[in-house]
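The values are calculated or read from the model by the stated rules, or taken from the named source; none is laboratory data. Predicted model, so just to flag it, every value in this text is computed and none were measured. Counting neighbours? That spans all protein chains shown, and the Cβs are built from the backbone with ideal geometry, glycine included. Accessible surface areas use protein heavy atoms only, side chains included; no ligands, DNA or RNA. Shrake-Rupley method; radii C 1.70, N 1.55, O 1.52, S 1.80 Å.
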Amino acid sequence: TTKLWVVDKKNPDPYIIGQAADIIRRGGLVAFPTETVYGLGANGLNGAAVAGIYRAKGRPSDNPLILHVADKRMAEGICPQLSETAKKLMALFWPGPLTLVVPKKAGIPEEVTGGLNTVAIRMPDHPVALALIRAAGVPVAAPSANRSGRPSPTTAAHVQQDLQGRIDAILDAGPAGLGLESTVLDLTVETPVILRPGGITFEQLTEALGKVLMDPSVLGEKLPENQSPRSPGMKYAHYAPAAKVVLFEGEPKSVVQCLGVRTGELLAGGERVGILATEENQGRYPKGSIVLTMGPRENPSEAAAVLFSLLRQFDEHQVDVILAEGLELGGIGLAVMNRLRRAAAEVVKCE
Ligand code: TXA
Ligand code: MG
C-alpha cells in the first residue's frame, strides 16, 4: 500500500520528511510536490532504485530523468565543471522551473540518463521538495508522478489515481503552483536550445542570454524519419487523456466558429463532446457539450495552472472527444500550446 502524508507547504513536519527521506535513501519511491507538478522521486545515485521509477510509471527506459538538487553545491557534485552560462542561469532562475542539461559526470547511473552523456538538473522552488532532497542527502531523480502517457499530476489525488499501490508514499502539500513542467534547456551545444518550454519563458531566457534557440519539437513539428530527437521525451505521445483531443488554432473569432461547427456535427452523431474554452468564449458553444474553462485568453498562466487537471476532468465526464481552443504563443502560452499540440490527435487551422 501507498502511504499518504499530508504536510504543511511552508512548514513541513521534519519527522514526516525524515521518514520520506529514509524511503528514498533505502531505494524506495516517494511522490512529492514541486512548484511545477508532482514528481516521483528515487535516490538518483542508485540505479536499481531509479529502475523502480520506470516500472511504476510504465515509462520507456530510454527517456532520461531530471536530477533534483537542494542547492548549487549538490549540482556541482553532479557536474563539477559547470559553464559560466549554467552558473548565470542558476543565479537568475534557481530555485525555479528551469532544468539545465549539462555534461554528465562518471558515476551517474545509466538509468538516470538513458545512456546519454548528458544529465538534466534542476532545483525546485518548493519547501517540501527542498526539505526532502536535503534530508535524503542525495540528488533525487524524479519524472512527473503520472502513469506514462497520462497528463502530469498537479495534486496528490492525481498521483493516487495513477500510482496508488505502485509506490511507497505520497507527500501531499496541496496543488502544485505552475501546473506545467519545467523548461528544459540544453547547455551542451554552442547556442542553448529549449527542448521543452515551461515555467521560465523563451523571452526570459533570451533576455538573460542574448540568444536562445527552440527545438523543432517544441511546436510539434515532425522530425524527418531518420533523425532522433535531442530530448528523448519528445518522441513519445504524451499528456493524453482517454478522449481524443482536437486542437483549433487561428483568430479567436474563427476558432469559436469552426470549433462550434465541429461540436454540432459530433453532437448530432451522438458523441459526448468536451470543450476546453477560454473564459470569454465559454458561453458561445452549442448546448449539450461539456464546457470547461481555462481562464481568460490574456492570462495563459491560468490555463497553465488548470490544463492537466481539466484534461483529467474530461475523462471523468467520459467524453469521447475534447475540442480545445488554441492560445497565443507568447510567454507561458508557448508551454500551454506545446502540451496541447502533443496531446492532440488532430490540429485544425481555422480561417
Ligand atoms: O517540472 C518538472 O520538470 C517535473 C518536476 C517533477 O520536476 N519533472 C518532469 O520530469 O517533468 P519528466 O521526466 O516528466 O520530464 C523530463 C524531460 C523529458 O522530456 C526528458 O526527455 C528530458 O527532460 N531530459 C531528461 N534528461 C535529459 C537529457 N540528458 N538530455 C535531454 N533531455 C533530457
Ligand atoms: Mg512527464
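Put the Cα centre of the stretch 238-257 next to the Cα centre of the stretch 304-334 and the gap is 8 Å.
Measuring nothing but protein heavy atoms, the accessible surface of the stretch 36-84 at 1.4 Å probe radius is 51 percent carbon and sulfur.
Assuming R0 = 41 Å, can you tell me the calculated FRET efficiency for the pair residue 251 and residue 51, based on Cβ-Cβ distance, to the nearest 0.05?
The formula returns an efficiency of 0.25 here.
When only alpha carbons are used to place a centre, the stretch 83-136 and the stretch 11-60 end up 15 Å from one another. Checking the a/c ratio against 1.5 first, then a/b against b/c, what shape does the Cα gyration tensor give for the stretch 1-97? Note, shape of the stretch 1-97 comes out oblate. The value given for the stretch 259-351 is a Kirkwood hydrodynamic radius of 13.4 Å, derived from the mean inverse Cα-Cα separation. The local environment of residue 103, defined by Cβ-Cβ distances under 13 Å, has a net charge of 0 under the rule Lys, Arg +1 and Asp, Glu -1. The Rg/Rh ratio for the chain, using Cα coordinates for both the radius of gyration and the Kirkwood hydrodynamic radius, is 0.97. Listed by chain and number, the aspartates and glutamates whose alpha-carbon sits under 20 Å from that of residue 287, ignoring those within fewer than 8 places in the same chain, are 265, 271, 279, 315, 316, 320, 325.
For 55, 312, 147, 26, the ranking by accessible surface with the largest value first comes to 26, 55, 147, 312, using a 1.4 Å probe. Rounded to the nearest 10 degrees, the inclination of helix 127-136 to the longest alpha-carbon principal axis of the chain is 30 degrees.
Across all Cα atoms of the stretch 1-54, the radius of gyration (one decimal) and Dmax (whole number) stand at 11.5, 32 Å. Just check the stretch 252-293 against the gyration tensor rule for me: Cα atoms, a ≥ b ≥ c as the square roots of the eigenvalues, rounded for a/c under 1.5, and otherwise prolate or oblate depending on whether a/b exceeds b/c. It is oblate, given that a/c is not under 1.5 and a/b is not larger than b/c. Between the amide H of residue 348 and those of 247, 248, 249, distances stay under 5 Å, these residues lying 5 or more places away or on another chain, with hydrogens modeled in the peptide plane. Any chance you could give the angle, 0 to 90 degrees and rounded to 10, that helix 14-25 forms with the longest Cα principal axis of the chain? Relative to the chain, helix 14-25 is tipped by roughly 80 degrees. Accessible surface for the chain, divided over its residues, is 42 Å² per residue with a 1.4 Å probe.
First select every other residue whose beta carbon is under 11 angstrom from the beta carbon of residue 3; then total the charges, Lys and Arg +1, Asp and Glu -1.
Value of the local net charge: -2.
Only lysines eight or more places from residue 57 in sequence, or on another chain, were considered; those with a Cα closer than 25 Å are 3, 104, 235, 244. The modelled label-to-label distance between residue 92 and residue 2, using points 7 Å beyond Cα along the C-beta direction, is 3.7 nm.
Between residue 291 and 275, the built amide H atoms are under 5 Å apart, and every one of these is 5 or more places off in sequence or on another chain. When all alpha carbon pairs of the stretch 64-168 are counted in 5 Å bins from zero, the resulting P(r) reads 2, 12, 21, 22, 21, 13, 7, 2, 0 %. Over the C-alpha atoms of the stretch 88-223, the Rg to Rh ratio, Rh being the Kirkwood estimate, stands at 0.96.
For residue 10, a cut-off of 15 angstrom between C-alpha atoms picks up these aspartates and glutamates, skipping any fewer than 8 places away in its own chain: 35, 125, 172. For a quick check, take a GNM of the chain with Cα springs below 10 Å and name the residue from 159, 140, 212 with the largest mean-square fluctuation. Of the options given, 212 has the highest mean-square fluctuation. Using alpha carbons only, the radius of gyration of the stretch 155-222 set against its Kirkwood radius gives Rg/Rh = 1.14. Between rounded, prolate and oblate, where does the stretch 112-171 land on the alpha carbon gyration tensor, with a ≥ b ≥ c its root eigenvalues, rounded for a/c under 1.5, else prolate if a/b exceeds b/c? Oblate.
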